[in-house]
Amino acid sequence: MVVPALLFILVFSYIPMYGVLMAFQDYNLFKGFAGSSWVGLKHFEMFFNAPEFWTIMRNTVVISLLKLLIGFPAPIILALMLNEIKGRAFKRTVQTISYLPHFLSWVIVSGFVMSMLSTENGSVNMLLEKLNLIEDPVNFLSLPQYFWSILVTTGVWKEIGFSSIVYLAAIAGVDPHMHEAASMDGASRLRQMFSITLPSILPVIIVFLILAIGNLLSAGFEDILLLGSNPVLRDVGDVIDTYVYRIGIQNNRYSYATAAGLFKSLIGVFLLVGANYAARKSGNSLW
Amino acid sequence: MKSTTGDRIMLAVIYSLLSLLAILAFYPFWNAAVISFNNGSDTVKGGVTFWPRQFSLENYRVVFEDSRLINGFVISILRTVIGTLASIAATAIFAYGMSKSELIGRKPYMVLCIITMYFSGGLIPTFLLIRELHLFNTFWVMVIPGLISVWNMIIFRTFFKSIPAGLEESARIDGCSNWGVLFRIVLPLSGPVLATLSLFTAVYHWNDWFTPSIYISDTGLMPIQTKLQQILNSNIMSEQLAQMDSAAQGRMSRMKAVTTKSLSMATMMVATLPILCVYPFLQKYFVKGVMVGSLKE
């Protein structure tokens, strides 16, 4: 019963892993993998020396870090706030609404963003005009200085509710006696939140932080591809993933794009192992 | 427990923040729906926010009369149904085998699987493999590469292991084969996990636009999300054109009752429709599903 599935994994996961070797070749579609010549680290050198290398690296790192700094604590804060609500109807309504965006495709979400920020009947522009903060509609999606904020906001909007589920479950597992004892001792609810709830769910937070750091460089590809398609945004929106896509799939430079992709995977593995090492020191490692 | 002033202030702040959050989370969706029900040329004048100003079904009529969009919708449904059934069946069978301790080489197989969760060949080698396998421009490119999900296999396996061994033994004594035990005993007992994983897989299939966008060029095979992406892309283009020559563009779009914007909003609503329909049923499952998923191996 497992043989067909294992063969399947060999074909669809391990053949591409083996195919990564083409980063060290001048891969030629017609000669194939076996017939192409080996060129060592040529493509890596080309990538590191490419004029756009530092821009891409900066964008990848900055966008990932911004998403981590804002996107990671946001669902924890939401879960802590939801936990304080005693009215079931209100709590359920907020949860139901906040989960919904997770189930929409990035295409739909990018459509919402375009519609909200549009210069014709975009709600954001209308609001800003009503508040007299701007005089003419701003075309947010073609101005590089707004791109990062738009990406981070959209990401938080889409995932905050869904990511909070795990933290809510962790909070539900906290022993209520601790809260009782604390309130006997006169601790306010805010104090209880910081001194009991938060420390109790710390192990869960750390496990998810490690996972988030391990995925740091892959944080989002569809959103950048969909919202950053405007060439004006390339200086701030080009990350390793979109670069690989553009160079590899659209310009057919397979070996070069694979080298860039492999470089990203290596940093990713390094980050994952590093984060886990740090977490093991605190006693909450993944493995 | 009596509440202090400080507690009450905190609760008031939390209620307001959460209400604001709920409005912010819902508004883009609501606004898009409103625009889709509003006369397109009227929308251009601005000010359509909470309620349609000139109610119109014209946008939807255009969407439903566009055979390419309807075709995309049908492809999406086919892909979601076939992809989900095939993937769940294949993954469950795999997981059942992997849940048996008498399976020779179970540990190395598991390692082999887990490695694929952290490392992959990346976009280009996968792209070339799909090309070599002649899956380009076929319906199956949307079904086959995602057939086995290691993540789902682990969740299934954890669940299967919790089924009492006695049940399976007695079925075997009554003459059931491995397949019989799986399909007649184990799977019927796995309702919740089957439902959760099927829903997640179905949502993935419905929402995925990237796979078809790189592997399919035949427009007759493109699902609705990929088509929608193309419409939205041309929408950006037209907005940029409008920036350059707003007078001429304005005159042009004002003549039409249906603009690219109103049309894309209606298409977005249609592409979200199935999720909106299953969402109320889905909700009670996925909360549990996330819990199952975050169980430690």
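The values are calculated or read from the model by the stated rules, or taken from the named source; none is laboratory data. The shown structure was predicted, so the numbers you read here are calculated from the model rather than taken from an experiment. Neighbour counts run over all protein chains shown; Cβ positions are idealised from the backbone, glycine included. Only protein heavy atoms, including side chains, enter the accessible area calculation; ligands, DNA and RNA are left aside. Shrake-Rupley method; radii C 1.70, N 1.55, O 1.52, S 1.80 Å.
Computed quantities for the displayed model
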{"quantity": "Criterion (modelled with pLDDT of 90 or more and small (G, A, S)) met by exactly one of A:G228, A:G248", "calculated": "A:G248"}
{"quantity": "Residue within segment B:117-134 that is of a type in the set (D, E, K, R), part of a helix (DSSP H, G or I), touching a helix residue (DSSP H, G or I) at 6+ places or on another chain (Cβ under 7 Å) and open to solvent by 20 Å² or more (accessible area, probe 1.4 Å) present", "calculated": "no"}
{"quantity": "Subset tally (residues that are open to solvent by 50 Å² or more (accessible area, probe 1.4 Å) and either part of a loop (DSSP other than H, G, I, E, B) or over 18 Å from A:W106 (Cα atoms) (or both)) for segment A:211-220", "calculated": "2"}
{"quantity": "Residues within segment A:9-19 that are open to solvent by less than 60 Å² (accessible area, probe 1.4 Å) and without any contact (Cβ under 8 Å) to a residue 12 or more places away in the chain, tallied", "calculated": "7"}
{"quantity": "Flag if A:P73 is away from chain B (no Cβ under 14 Å) and at pLDDT 90 or above", "calculated": "yes"}
{"quantity": "B:N137, sole failed condition from (1) within 9 Å of chain A (Cβ to nearest Cβ); (2) open to solvent by 20 Å² or more (accessible area, probe 1.4 Å)", "calculated": "(1)"}
{"quantity": "Test: residue in segment A:195-210 that is open to solvent by less than 50 Å² (accessible area, probe 1.4 Å), free of Cβ contacts under 8 Å to residues at least 12 places away in the same chain and not basic (K, R)", "calculated": "no"}
{"quantity": "Filtered residue count, segment B:36-52, keeping only those that are in a loop (DSSP other than H, G, I, E, B) and more than 18 Å from A:L127 (Cβ to Cβ)", "calculated": "3"}
{"quantity": "One residue from B:I82, B:I75 being open to solvent by 20 Å² or more (accessible area, probe 1.4 Å) and either on the phi > 0 side of the Ramachandran plot or assigned to a helix (DSSP H, G or I) (or both)", "calculated": "B:I82"}
{"quantity": "Which listed residue is of a type in the set (D, E), closer than 19 Å to B:Q229 by Cβ and open to solvent by less than 30 Å² (accessible area, probe 1.4 Å), from A:D241, A:D223", "calculated": "A:D223"}
{"quantity": "Among the candidates A:L151, A:L131, residue that is more than 23 Å from A:K67 (Cα to Cα) and of a type in the set (A, V, I, L, M, F, W, C)", "calculated": "A:L131"}
{"quantity": "Criterion violated by B:D218 - all others in (1) at pLDDT 85 or above; (2) closer than 22 Å to B:Y60 by Cα; (3) loosely packed, with under 14 Cβ neighbours inside 10 Å satisfied", "calculated": "(2)"}
{"quantity": "Residues that are assigned to a helix (DSSP H, G or I), farther than 14 Å from A:I76 by Cβ and open to solvent by 30 Å² or more (accessible area, probe 1.4 Å), drawn from segment A:184-194", "calculated": "A:M184, A:R189, A:L190, A:R191"}
{"quantity": "Test for B:L167: is it open to solvent by less than 50 Å² (accessible area, probe 1.4 Å), hydrophobic (A, V, I, L, M, F, W, C) and in a helix (DSSP H, G or I)", "calculated": "no"}
{"quantity": "Single unsatisfied condition, B:S36 versus (1) open to solvent by 40 Å² or more (accessible area, probe 1.4 Å); (2) within 13 Å of chain A (Cβ to nearest Cβ)", "calculated": "(1)"}
{"quantity": "Any hit, segment B:85-104, residues being more than 20 Å from the chain's Cα centre (by Cα), at positive phi and at the interface with chain A (Cβ under 10 Å from one of its Cβ atoms)", "calculated": "no"}
